[in-house]
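To start, the structure itself, in structure tokens.
Quick note: the coordinates plus some simple rules give every number you see, no bench work behind them. None of these values were measured; they are calculated from a predicted model. Cβ placement follows ideal geometry from the backbone for every residue including glycine, while neighbour counts extend to all protein chains displayed.
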Amino acid sequence: MGNTFIQDSRDKAARKFRKVAFPDAEDVRTLKAALTLRDKKIVDPLLVGPAAAIQKIAADNGIDLGTVPIVDPATDSSYPELVTLLFERRKAKGMTREQAAELAKTPLYYAGLCLAVDKVAAVVGGNLSSTGDVLRAAIHTVGTAPGISTVSSFFIMVFPEKLLCYADCAVVPNPTDAQLADIAITSAKNFQAVTGEEPRVAMLSFSTKGSAQHADVDKVVSATRIAKEKAPQLLLDGEMQADAALVASIGERKCKGSPVAGKANVLVFPTLDAGNIGYKLTERLAGAEAVGPFVQGLNKPYCDLSRGCSTDDMINVAAICSLMA
């Protein structure tokens, strides 16, 4: 199952065929990805940015964009209403109408505003822009999900025989207990949306059920309690060590009766150190494919690519991001 995850995601995305905006469109990788996405009918791509510049890049590289639409914020008829929307959302934070007008001209913000009013189902950027710029635009335009105040990330780790979700490995350095709870809840929701599997969430620690005493353990214990209160329907347990989360015999011994121990598929790491190191070790030593990171916790899916991404990466992220819609 795991080794067909990418193709399965593309197939699922094609059945929904949602519109996805690409604000970092002045990039030959984006144009090639948009053509593939359109031709294979995986998602319906929309390029956002200065039309003349995008068309010149296409011409210089022998790319015929054909029917792939380009929305230029400077000339789009929706610009005035989207400026007003941004101003209304951010005026309490001190944004002036003039600042809103300037920001709305930028592709990152314009794509986010199109997402906010459902002109598109998802946004995929970051191949040219920094993570900070992408997250700022996303938070200012679509905001965080109801009941969630933490923007975080997840990876899907693809093994030959299974899929695991790792979070957070890219955004929040030292989450509080409340932030860890948010990360757990959003990761579970997105794992189910993307894979179709029921999430079983393990709150990881160097302690299992009180085997060690430390403030770092207390944080995970508290996060587990908060997550259970906010999402009582979730199969979620902690604190537990990684072996207790993943190995049935150890889970049964250390966490008898746990609905998660020994069969977890969503692993929530206590810090960014642990998560980032964990996913890279899994990738390099266990040979798993790390797909992501995917930004989560937003009201609508606005995904951030690595600036070193390939055209194929962009296609896969667009497909998965559309499934999060």
Checklist line | Highest-fluctuation residue, 275, 257, 143 considered, GNM on the chain with Cα pairs under 10 Å | finding: 257
Notebook entry, point to check: Is segment 152-291 best put as rounded, prolate or oblate by its Cα gyration tensor, with a ≥ b ≥ c the root eigenvalues, rounded for a/c under 1.5, and otherwise prolate when a/b is larger than b/c, oblate when not?
Noted result: rounded
Notebook entry, point to check: Ranked highest first by average number of other Cβ atoms within 10 Å, how do 167-174, 308-315 line up?
Noted result: 167-174, 308-315
Check: Using a ≥ b ≥ c from the Cα gyration tensor of segment 24-77 (square roots of the eigenvalues), is it rounded, prolate or oblate, where a/c under 1.5 gives rounded and otherwise the larger of a/b and b/c decides, a/b for prolate?
Finding: oblate
Check: Roughly what angle does helix 5-16 make with the longest principal axis of the chain, taking Cα atoms, 0 to 90 degrees, to the nearest 10?
Finding: 50 degrees
Notebook entry, point to check: Hey, what angle do you get for helix 107-116 against the long axis of the chain, alpha-carbon based, 0 to 90 degrees rounded to 10?
Noted result: 70 degrees
Check: What are the trypsin sites (Lys or Arg not before Pro) within segment 229-274 that DSSP puts in a loop, where the Cβ has at most 15 other Cβ atoms within 10 Å?
Finding: 256, 263
Checklist line | Within segment 152-291, percent of DSSP bridges classed antiparallel, to nearest 5 | finding: 40 percent
Check: With Cβ to Cβ distances under 15 Å as the rule, what net charge do the other residues near residue 96 carry (K, R +1; D, E -1)?
Finding: +3
Next item on the list: In Å³ and rounded to a whole number, note down the convex hull volume per residue for the Cα atoms of segment 106-207.
Entry: 140 Å³
Item checked: Tail fraction, Cα-Cα pairs, segment 1-142, threshold 26 Å, whole percent -> 27 percent
Margin query: Return the unpartnered cysteines for the chain, using a Cβ-Cβ cut-off of under 4.7 Å.
Written below: 114, 165, 169, 255, 309
Next item on the list: Measure nothing but the geometry: give the 0 to 90° angle between the long axis through the Cα atoms of 51-60 and the longest principal axis through the Cα atoms of the chain, rounded to 10°.
Entry: 90 degrees
Item checked: Largest to smallest principal axis extent of the C-alpha atoms in the chain, angstrom -> 64, 45, 29
Item checked: Cα centroid of segment 194-216 to Cα centroid of segment 102-170, whole Å -> 25 Å
